[in-house]
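These notes are about the structure you will find just below.
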Amino acid sequence: MNTVAKQMLTQFENRFLPLAEGISSQPTLRAIRAALIITLPIVFLGSLAELLNSFPLPAYKAFMAQYFGPDWRLFGQSIKNGTFAVMSLIMLFSLGQHLAERFNASNPLTRTNPVVAGLISFVSFLSLLQEPLDGSLLTSQWLGVSGLFVAMMVGLLATNLFLFLFSRKKLHLRLPGGTPDASIPQAFNALIPGMLTVLIFASIGTAVYSLSGISIHQAVHNLIRLPFDLIGDGLSRGMLYILSLHGLWFAGIHGANVLDPITHHIYGAAITANEIAAAAGEPLPHVMTKTFMDIFVFMGGAGCSLSLAGALLLFGKSQADKKLGAISLVPGIFNINEVLMFGLPIVLNPLMLIPFIATPLLLAAISYIAVSTGIVPGTSTLVEWTTPIFLNSYMSTGSIRGPILQLVNLSIGILVYAPFVVLSNKISAKRTQAAFGILMDRATATHSSGARVIDQHDDAGSLARNLLTDLSYDHEAGTGLYLEFQPQVAAESGRVVGVESLIRWRHELYGSIPAPITVTLAEDSALIRSIGLWVFDTACRTRRAWLDKGVTELVTAVNVSALQLLPDLPEEFMKRLGHYGLAPNMIELEVTESSALDADTPESKVLSGLYELGFPVAIDDFGMGHSSLKYLKQFPVSTVKIDGAISKEVVTNPICADIVASITRLCRARRMTSVAEFVETDEQAAVLRNLGCDVFQGYRYSKPLHADACLRFILENQQFVPAHAAFDPYCCVVGQDVAS
């Protein structure tokens, strides 16, 4: 059975996954989902306020009234007024910003201010809220969740219209040369496109109200509700009600508000009739009542959200899914599901459309059969909609069979949601993998492009920002970050003469993060300075431990970013050397070519000062930077590390061989050590040796190792010189015996 189920799931994935991926990657839907997800903190706060005011226990209400007075609900209501009551406005502004950011990514020469786009979307929506000219205040009915559908449509249309007009440069009020305040030219350029956009929407709203006497929001509301005026009683109406309610919710329309006449006038009246019949000892006349829907179908809210929360906890792969499932459980127990509706989100998420609609329909059918056949008693007592699950079914049915049916329904709902959560995991994994690839490309190109990876408004940029947050946390907590050491051997003797300290980061979710990404994230933020000091301190501590084991003739290289070269760095380094009892010539400072190291810059002066203190200085990736040779003139360089892109091709590319030969001749003339990286084969090593390279580093000799493993490698391969011999790194690196 298990094999059959797996085969069915595989077939389902093969057919549905490409379609779901295609729909999910649609730019407009992604912008809407992003705009909804960003409101999660506000939605969660509103959910807590709803629970604060609606907690169903009489003892709780009496306690609150006694200690906080008869108006104790004002606090929760004020929070709701700032969250749920203005949900449409919040989403409008967020949607406008997201669409503008995507526009800027595709149009680097015609960039607009995302805040301006959000404001245009916001004002366009308000201009549609036509009210009678009698001095009455603006109604708040359409500012909250009830107006969300119209808000999304207006946000999409208004922002795209504004961006279309903004892309016409003839409409810009350009200020040649700009001003010191960058916001002024941006505002001038957006003035005409923004005014035209708002005028168009104000005209539409005025025309609709003049012709019909109602606003667009009310017209959409009435149109959606119209078919239900003709629906009769029975299971078919109940199923259509459930289908319509969830279809509206999926589209971003508050289904419960739109279908309020059916919810209360029909199903509310049904539970009242059942209460009267139960009091008279007569059979219950109705199976499907408002309470029936609340306790057996809408457990946790629309879509049986508690089942979705359970599926996220059981089958979600990412920490975000599991945490979202856990967070949504608390309000979900009280049938508040906005956290999942707007946090996952469910709204306009095509992957969740099928289970979101199918689950309540299936549970309604199962519950209808169970109640109509007498397996479970009918609902005979009205309970508040916020009454916790299991308690609400027991109170309404008066039987333990009510909670048992709820448990069965929850389990079935989890099984329905499970394959779609698994599909969501796979789609997320593919998107994450693609984002890592893009982020890696940007990280390796960041020195030439000058752009920060955390500033990009796409999946890779979002991943970078999330990783930066995690990197900061791991660094502060002292977890995740560690060093590995790759041995460097003398070309002639094979003797270990040095190691390079390499930073590593093991992420709790993604595993090992490529070093270029880690370093770039640190350089894009202020973390590079504190992480750089941690790397130096860890390398010194390791070198001290090796020195205590008898490893005396060894240089430990530490990578230093140009962003670390601040005036106080030499003092910091010397303080740490003194703490571990090390000499400066034991720690080599390895810097990558950078424009920050041009002559007479503050960074170059700090680097020269470090050399004067006795630190050997190595230039990394030599030969492929923006101006390699000038470093040999500007700085007292001790070591030149030949760029791996050159050393890897010396066997097959004569030009690379000529470049290496030129570098090694220059190094010998200047008494500098030449190091070839990425040495992976005997043939490559032989060619590099003949070309005059002093030191090899690469997988031919050793991969990067943990400190203990590296120490074992050193002890197995090192040929120690007498302890009294003076340490000359230039002798060591060419494989000469100092004693001789």
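Of the residues that make up the stretch 95-107, is at least one part of a loop (DSSP other than H, G, I, E, B), under 29 Å from the mean Cα position of the chain (by Cα), modelled with pLDDT under 80 and surrounded by fewer than 19 Cβ atoms within 10 Å (Cβ to Cβ)?
Yes, because at least one residue in the stretch 95-107 is part of a loop (DSSP other than H, G, I, E, B), under 29 Å from the mean Cα position of the chain (by Cα), modelled with pLDDT under 80 and surrounded by fewer than 19 Cβ atoms within 10 Å (Cβ to Cβ).
Quick one: count up the residues across the stretch 329-338 that are more than 21 Å from ALA251 (Cα to Cα) and either open to solvent by 10 Å² or more (accessible area, probe 1.4 Å) or among the polar types (S, T, N, Q) (or both).
4
Of all residues being in a helix (DSSP H, G or I) and aromatic (Phe, Trp, Tyr) in the stretch 286-322, which is most open to solvent (accessible area, probe 1.4 Å)? Just the residue, please.
Within the stretch 286-322, the match that is most open to solvent (accessible area, probe 1.4 Å) is PHE315.
Every residue, every condition in (1) open to solvent by 10 Å² or more (accessible area, probe 1.4 Å); (2) in contact (Cβ under 8 Å) with a residue 24 or more places away in the chain; (3) in a loop (DSSP other than H, G, I, E, B); (4) at positive phi, yes or no:
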{"site": "ARG671", "(1), (2), (3), (4)": "yes, yes, yes, yes"}
{"site": "TYR699", "(1), (2), (3), (4)": "yes, no, yes, no"}
{"site": "LEU711", "(1), (2), (3), (4)": "yes, yes, no, no"}
{"site": "GLU716", "(1), (2), (3), (4)": "yes, no, no, no"}
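Check VAL551 against each of (1) open to solvent by less than 10 Å² (accessible area, probe 1.4 Å); (2) assigned to a helix (DSSP H, G or I) and name the one condition it does not meet.
All conditions are met except number (2).
Scanning the stretch 673-696 for residues that are outside any helix (DSSP H, G or I) and over 43 Å from the mean Cα position of the chain (by Cα), which turns out farthest from ALA557 (Cα to Cα)?
First pass over the stretch 673-696, keeping only residues outside any helix (DSSP H, G or I): 673-681, 691-696.
Okay, now just the ones that are also over 43 Å from the mean Cα position of the chain (by Cα), so 673, 691-694.
Numbers: THR673: 13, LEU691: 24, GLY692: 21, CYS693: 18, ASP694: 16 Å.
Here the answer is LEU691.
Just one of VAL150, VAL115 is modelled with pLDDT of 80 or more, open to solvent by 60 Å² or more (accessible area, probe 1.4 Å) and assigned to a helix (DSSP H, G or I); which is it?
Going through VAL150, VAL115 in turn, the sole match is VAL115.
If you take the residues of the stretch 37-61 that are among the β-branched types (Val, Ile, Thr) and part of a helix (DSSP H, G or I), which of them is modelled with the lowest pLDDT?
ILE37
I'd like the full set of residues that are free of Cβ contacts under 8 Å to residues at least 40 places away in the same chain and on the phi < 0 side of the Ramachandran plot, limited to the stretch 345-376.
ILE369, ALA370, THR373, ILE375, VAL376
Just checking, does the stretch 528-548 include any residue being open to solvent by 10 Å² or more (accessible area, probe 1.4 Å), closer than 23 Å to ILE438 by Cα and in contact with a Pro (Cβ under 8 Å, 6 or more places away or on another chain)?
Scanning the stretch 528-548, I find no residue that is open to solvent by 10 Å² or more (accessible area, probe 1.4 Å), closer than 23 Å to ILE438 by Cα and in contact with a Pro (Cβ under 8 Å, 6 or more places away or on another chain), so the answer is no.
Could you grab me the full set of residues in the stretch 567-602 that are surrounded by fewer than 21 Cβ atoms within 10 Å (Cβ to Cβ) and at pLDDT below 90?
THR592, SER594, SER595, ALA596, ASP598, ALA599, ASP600, THR601, PRO602
Kindly indicate the residue of the stretch 482-496 that is open to solvent by 10 Å² or more (accessible area, probe 1.4 Å) and at pLDDT 90 or above and also nearest to ASP321 (Cα to Cα) among those meeting that condition.
TYR482
Condition (residue is modelled with pLDDT of 90 or more and either outside any strand (DSSP E or B) or surrounded by fewer than 19 Cβ atoms within 10 Å (Cβ to Cβ) (or both)) applied to the stretch 615-626: is it met by at least one residue?
Yes, that holds for at least one residue.
Looking only at the stretch 468-489, count how many residues are of a type in the set (A, V, I, L, M) and in a strand (DSSP E or B).
Count: 3.
Of the conditions (1) in contact (Cβ under 8 Å) with a residue 40 or more places away in the chain; (2) surrounded by fewer than 16 Cβ atoms within 10 Å (Cβ to Cβ), LEU691 fails just one. Which one is it?
(2)
The values are calculated or read from the model by the stated rules, or taken from the named source; none is laboratory data. What you are looking at is a predicted structure, and each value in this text was computed from that prediction instead of being measured. Here the Cβ is made from the backbone with ideal geometry for all residues, glycine too, and neighbour counts use every protein chain on show. SASA here: full protein model, heavy atoms, side chains in, ligands and nucleic acids out. Shrake-Rupley method; radii C 1.70, N 1.55, O 1.52, S 1.80 Å.
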